[in-house]
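Here the structure comes first, spelled out in structure tokens, and everything after it is commentary.
Please treat every number below as a calculation from the coordinates, not as lab data. All values derive from a computational prediction rather than experimental measurement. Cβ atoms come from the backbone with ideal geometry, glycine included; neighbour counts cover every protein chain shown.
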Amino acid sequence: MACLERFAEIACSLPPLSSVREEFTSAEVPSAPKNGITVLPGLVDVHVHLREPGFLYKETVASGTLAAAAGGYVAVCPMPNVSPVPDSLSALGPTLAAIEKDAVVRVYPYGSITRGERGEEVSDLSGIAPYVVGFSDDGVGLEDAAIMKEAMTRAAALGKPVAAHCEDLTLRAGGYINDGQYARLHGHRGISAESEWRQIERDLALARETGVSYHVCHVSTKESVVLIRAAKAEGVDVTCETAPHYLVLSDADLREDGDFKMNPPLRSESDRLALIEGLLDGTVDMIATDHAPHSVAEKSRGLRDSLMGVVGLETAFPVLYTKLVLGGVLPLSRLVELMSGAPARRFRIPRDPENDWAVWDLSEEYTVDPDAFKSKGRSTPFKGMSVFGKCKMTVCGGRAVWREPGFDPSFLFKA
């Protein structure tokens, strides 16, 4: 009891935002809600962009991981489209140094599949394998099937997954939103569903042949779900993720605003419903944010000219809790599994339930306000949405890494 009281004493003495690495002396966590407060396992996001090194004006390891902590995350996996691209141990060095220096939560980076993410030569996979969670060329599809097969074969031998951004640029044809009714009515160039599922189809055949652990990033189309479901039934070692915006929005929700431009794009309502079905039957294994911050200037040029990508670490759980759990689509336990347990298991990310958790007020309703984000990115299609679920405190490795100003957790540790 004395140890638990000391834990509460330390928790209550934390300043709002500084001293984010205070040590706790007990990992005991209350399991039952009190005063509307619920303690949930720390979330895990296997697809984020922290932009460091190389693009610090968009995001840094410090700002991105603080945003993660404020969103209830205890572990994130940043993609390798940074500068230098981590395609060798020396090129990975700046990424690892930034993580060691400034990360608030645990960070497990990807290495690139190909040198410079150019799709022409496989990276030094064996050299970087001990330091990365997997290999990806996220941001661009790998067009050369022979290069992908070589990378899969080498990754399989190293026991590391390949996480693929599946996009056939020859089928994209200069599109930048979904090839649907909105694009036709408003004179925009559309991205076909085939540009995604055709490359997934190719990669599934290669994964079957090589035996690699294959992961499909940001699935957005119904055809992709069908292909992955069939591959799983055949025994292919494949998992996939989708993102919150594909689960709760469709191209019917589009506006002439860069906040609605991401890659893949928001698809049709039938695609959205297929993703929901995939969540329910286990085809879609996990939810990742694809947190992709850009500057205000880069996102203020409308649908046609803004850069692709939206932020999501601070909105993912509340949006999904509101729309899917309170909406009666799936239970809270399933949402937590999709956002914590499943991604951690697939990518072998250590979990410590006694020391990694977050305190949520699931009864608190508020409006999504990008100006309050800890991320440098402000672009989100959920701006102005009314949501339930506020993260009050996040503990990672037994250390408080986030506490909402004014939140007093002492009542959690009293009989």
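Odds and ends about this structure:
- Antiparallel DSSP beta bridges within the chain, percent to nearest 5: 50 percent
- Summing +1 for each Lys or Arg and -1 for each Asp or Glu among the other residues whose beta-carbon sits under 12 angstrom from that of residue 88 gives -2.
- Applying Stokes-Einstein at 20 °C and 1.002 mPa s to the Kirkwood radius of region 32-162, computed over alpha-carbon pairs, gives a translational diffusion coefficient of 140 µm² s⁻¹.
- Cα gyration tensor, region 286-415 - rounded (a/c under 1.5), prolate or oblate: prolate
- Measuring r between the beta carbons of residue 89 and residue 170 and using R0 = 30 Å, the FRET efficiency lands at 0.35.
- When the listed pairs 299/390; 232/376; 58/160; 160/222; 323/374 are checked against a 32 Å cut-off, the alpha-carbon distance exceeds it for 232/376.
- P(r), alpha carbons of the chain - 20 Å bins starting at zero, rounded %: 28, 59, 13, 0
- Kirkwood Rh in Å, taken over region 104-216 so that all alpha-carbon pairs contribute: 14.9 Å
- Computed from point charges on the beta carbon alone (+1 for Lys and Arg, -1 for Asp and Glu), the dipole magnitude for region 42-355 about its Cα centre is near 280 Debye.
- Residues 272, 403, arranged from fewest to most other Cβ atoms within 10 angstrom of their Cβ, appear as 272, 403.
- Electrostatic bookkeeping for residue 277 treats Lys and Arg as +1 and Asp and Glu as -1; over the other residues with beta carbon under 12 Å from its beta carbon, the sum is +1.
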